[in-house]
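Participant: Please read through the structure below; I'll follow up with questions.
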Amino acid sequence: MKYLPIFLDLKQQACLVVGAGEVAARKIELLAKAGGNIRVVALDIGRNVAELRQRLPLDIRQKAFEINDLKDIRLVVCATNDRPLNAAIAAAALQQNQLVNVVDDPELCNFIFPAIVDRSPLVAAISSGGASPVLSRLLRGKIESSIPAAYGLLAELAEKFRPLVKQHIVESSKRRIFWEQVLQGPIAELVFSGKLAAAEARLRNQLLEAEQSGVGKGEVYLVGAGPGDPDLLTFRALRLMQQADVIVYDRLVSKEILELCRRDAEKIYVGKQRNHHSLPQESINELLATLALAGKRVVRLKGGDPFIFGRGGEELETLMQHGVNFQVAPGITAASGCASYAGIPLTHRDHAQSCTFVTGHLKDGSINLNWRQLSAPNQTLVIYMGLVGLEVICKQLIAHGSPPDLPIAIIQQGTTQQQRVLTGTLSDLPPRVAQAELRAPTLIIIGTVVSLREKLNWFQTD
């Protein structure tokens, strides 16, 4: 992160703008909205700045900049077309530990102006760190269109009731849950409809009910994180990740997906690497129940889909035994996601009329599968967690009737920028995989559909 996003209180603070052209006028308006006392220094006063003087209490000094103009100034904006002058002003301001922004010259700044979505008192700021102001403005437009103006009224309602809610709901975690229910439920809808009095009345009633109710149980959200690409998360998964108090996650959940969880949520890593678990599965099951019974909202975040080789069923059985409420948010399983990103359709009228999912190792670590059934023609075989047993898998399939030249693909870290795909046949792929030093997580696809990759491959990771 190149810049730390902060919000600065400029009320009654002295601000200096050097320059009085069109760009300077935009900065003056922004500083004025924030309540700053603005002085403008410029030899030529542009039309836009002159018009601003009619409605803003500006201190305009039509003269050349002098070092004394920086005296007692909190924030400086350089908006001239003279880069040497801008650089000199910036250097002097920095020497006095002042905040300084040089328009369109981030190298001379110690702060930059973001693109702003203003729903006061709700304000959102978007910045590219100076890399692309145009991109920041485009993103602002997208956010502007998705946040109704009434969100400002909703923020004002929350501000008005915040002291009262804090007084009546002392525990911060319960207070957070209360506000989440208020801000995305019927009360919010009343505000959006302009029924502010009704919204306030319902909020008071909801506060009274919350104060009178005792400590309730928490809940577990079993969430599928998909195969790796954060764009493949469902909206529901993202919503649950943002409201959880605790995130329990394993090795298959990427850093980019974890970044989308609520910032202040407790994050507990439970491993789940082959033959090396930070916590045994039984301990994970009990951990989820213990956290929920303590009143926490817990996201159990799993790669892929929690009900497809994700042991989600085992975890939910334990929650049922403890009487813990739970929800399930399905995810795109590795078979679907990785096959799509590798350009390999799992079914095709000319190649496969069925698709079988199997795991490459069982609970005891062995590979004991129905090889005769898996060797049947006209199907696609998808093997999860089969990297270590790849050689055994290929030999067994050949031994039970599969042709040695049957196409096979192995996909490493599918759907991510680190995706690697190797294709070959049952007879020649295992030694090539060993030479390529592939690492888990991987997915194996076997069947003539693999031959379509050459034509259908669309996702390049150059």
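Participant: Test of understanding: among ALA201, ALA292, ALA188, which residue is closer than 23 Å to LYS174 by Cα and in the same structural domain as GLY313 (by TED's automatic domain parsing)?
Facilitator: Going through ALA201, ALA292, ALA188 in turn, the sole match is ALA292.
Participant: If you check every pair at least six apart or on different chains, which have Cβ atoms under 7 Å apart with a residue in the stretch 127-149 that is without any contact (Cβ under 8 Å) to a residue 24 or more places away in the chain first and a residue that is outside any helix (DSSP H, G or I) and of a type in the set (Val, Ile, Thr) second?
Facilitator: As it stands, the answer is SER136/ILE126, since those pairs meet every condition given.
Participant: So which of GLY323, GLY343 is in the same structural domain as MET241 (by TED's automatic domain parsing), over 24 Å from the mean Cα position of the chain (by Cα) and on the phi > 0 side of the Ramachandran plot?
Facilitator: After applying the criteria, what remains is GLY323.
Participant: Scan the strands (runs of 3 or more DSSP E) fully inside the stretch 370-427 and keep the ones with 3 or more residues being under 15 Å from GLY343 (Cα atoms). Outline the logic, then answer.
Facilitator: On the way: elements: 380-384, 407-412, 420-425.
Once the strands (runs of 3 or more DSSP E) in the stretch 370-427 are filtered for at least 3 residues that are under 15 Å from GLY343 (Cα atoms), what remains is 407-412, 420-425.
Participant: On to the next question. Got a number for residues in the stretch 144-186 being of a type in the set (A, V, I, L, M, F, W, C) and more than 27 Å from the chain's Cα centre (by Cα)?
Facilitator: Filtering the stretch 144-186 for residues of a type in the set (A, V, I, L, M, F, W, C) gives 147, 149-150, 153-155, 157-158, 161, 164-165, 169-170, 177-179, 182-183.
Now narrow it down to the ones that are more than 27 Å from the chain's Cα centre (by Cα): 157, 161, 164-165, 169-170.
Result for the stretch 144-186: 6.
Participant: Separate question: So which pairs qualify, if the first residue must be in the stretch 168-183 and farther than 24 Å from GLY152 by Cα and in the same structural domain as GLN243 (by TED's automatic domain parsing), the second must be of a type in the set (Gly, Ala, Ser) and surrounded by 14 or more Cβ atoms within 10 Å (Cβ to Cβ), the Cβ gap must be under 6 Å, and the two must be at least 6 apart or on different chains?
Facilitator: Filtered contacts from the stretch 168-183: no entries.
Participant: Hey, another quick one. Give the residue, chosen from ILE444, ILE410, that is under 35 Å from the mean Cα position of the chain (by Cα), on the phi < 0 side of the Ramachandran plot, crowded, with 18+ Cβ neighbours inside 10 Å and in contact (Cβ under 8 Å) with a residue 60 or more places away in the chain.
Facilitator: ILE444
Participant: How do the pairs read when you match residues in the stretch 190-206 that are without any contact (Cβ under 8 Å) to a residue 60 or more places away in the chain with residues anywhere that are outside any helix (DSSP H, G or I), using Cβ under 7 Å and keeping only pairs 6 or more apart or on different chains?
Facilitator: Within 7 Å, the pairs are VAL191/ALA150; PHE192/PRO148; PHE192/ALA150.
Participant: Would you check which residues across the stretch 132-163 are closer than 17 Å to TRP179 by Cα and of a type in the set (S, T, N, Q) and list them?
Facilitator: none
Participant: Next question, about the same structure. In the list TRP458, TRP371, which residue meets the criterion of being surrounded by fewer than 18 Cβ atoms within 10 Å (Cβ to Cβ), touching a His at 6+ places or on another chain (Cβ under 7 Å) and either assigned by TED's automatic domain parsing to the domain that holds GLY310 or of a type in the set (Phe, Trp, Tyr) (or both)? Please lay out each step first, then the result.
Facilitator: On the way: TRP458 fails: touching a His at 6+ places or on another chain (Cβ under 7 Å).
After ruling out the rest, the residue left standing is TRP371.
Participant: Residue check, PRO84 against (1) touching a Lys or Arg at 6+ places or on another chain (Cβ under 6 Å); (2) more than 17 Å from CYS15 (Cβ to Cβ), all met but one. Which one?
Facilitator: All conditions are met except number (1).
Participant: Which of the residues that make up the stretch 204-240 are buried (at least 17 other Cβ atoms within 10 Å of the Cβ), more than 27 Å from VAL170 (Cβ to Cβ) and within 17 Å of the chain's Cα centre (by Cα)?
Facilitator: VAL223, GLY224, ALA225, GLY226, PRO227, GLY228, ASP229, PRO230, LEU232, LEU233, ALA237
Participant: Return yes or no: is SER120 polar (S, T, N, Q), free of Cβ contacts under 8 Å to residues at least 24 places away in the same chain and not assigned by TED's automatic domain parsing to the domain that holds ILE28?
Facilitator: On the way: polar (S, T, N, Q): yes; free of Cβ contacts under 8 Å to residues at least 24 places away in the same chain: no; not assigned by TED's automatic domain parsing to the domain that holds ILE28: yes.
No; evaluated as a whole, the condition is false for this residue.
Participant: Do you know which residues across the stretch 326-354 are loosely packed, with under 14 Cβ neighbours inside 10 Å and in a strand (DSSP E or B)?
Facilitator: Scanning the stretch 326-354 gives a single hit, GLN327.
Participant: Follow-up question, since we're still on this one. Which of the residues spanning the stretch 93-105 are hydrophobic (A, V, I, L, M, F, W, C) and either under 18 Å from ASP9 (Cα atoms) or assigned to a loop (DSSP other than H, G, I, E, B) (or both)? Break it down stepwise before answering.
Facilitator: Applying the first criterion (hydrophobic (A, V, I, L, M, F, W, C)) to the stretch 93-105 yields 93-94, 99-100, 102-103.
Scanning the stretch 93-105 gives LEU99, VAL100, VAL103.
Participant: Also, quick follow-up: Kindly evaluate THR448 against the criterion of being in contact with a Leu (Cβ under 8 Å, 6 or more places away or on another chain), among the hydroxyl-bearing types (Ser, Thr, Tyr), closer than 21 Å to ALA352 by Cα and in the same structural domain as THR356 (by TED's automatic domain parsing).
Facilitator: Criteria met by THR448.
Participant: Here's a follow-up. Can you tell me which of (1) of a type in the set (A, V, I, L, M); (2) out of contact with any Leu (no Cβ under 8 Å at 6 or more places or on another chain); (3) touching a residue at least 12 places away in the same chain (Cβ under 8 Å) is the one LEU164 doesn't meet?
Facilitator: (2)
Participant: So if I check each of ALA201, ALA197, ALA237, which one is under 25 Å from HIS322 (Cα atoms) and not polar (S, T, N, Q)?
Facilitator: Being under 25 Å from HIS322 (Cα atoms) and not polar (S, T, N, Q) holds for just one of ALA201, ALA197, ALA237, which is ALA237.
Participant: Please go through (1) in contact with a helix residue (DSSP H, G or I) (Cβ under 9 Å, 6 or more places away or on another chain); (2) within 23 Å of SER283 (Cβ to Cβ); (3) crowded, with 19+ Cβ neighbours inside 10 Å for HIS322 and return the number of the only condition it doesn't satisfy.
Facilitator: (3)
Participant: Find the residue count for the stretch 285-319, including only residues that are among the charged types (D, E, K, R), more than 23 Å from the chain's Cα centre (by Cα) and outside any helix (DSSP H, G or I). Can you show your working first?
Facilitator: Filtering the stretch 285-319 down to residues among the charged types (D, E, K, R) leaves 286, 296-297, 300, 302, 305, 311, 314-315, 317.
Filter once more, keeping what is more than 23 Å from the chain's Cα centre (by Cα): 286, 311, 314-315, 317.
If we keep only those that are outside any helix (DSSP H, G or I) as well, we get 311.
Within the stretch 285-319, residues that are among the charged types (D, E, K, R), more than 23 Å from the chain's Cα centre (by Cα) and outside any helix (DSSP H, G or I) number 1.
The values are calculated or read from the model by the stated rules, or taken from the named source; none is laboratory data. Just so you know, these numbers come straight off a predicted model, no measurement behind them. A quick note on method: Cβ atoms are made from the backbone with ideal geometry, for glycine too, and the neighbour counts reach across all protein chains shown.
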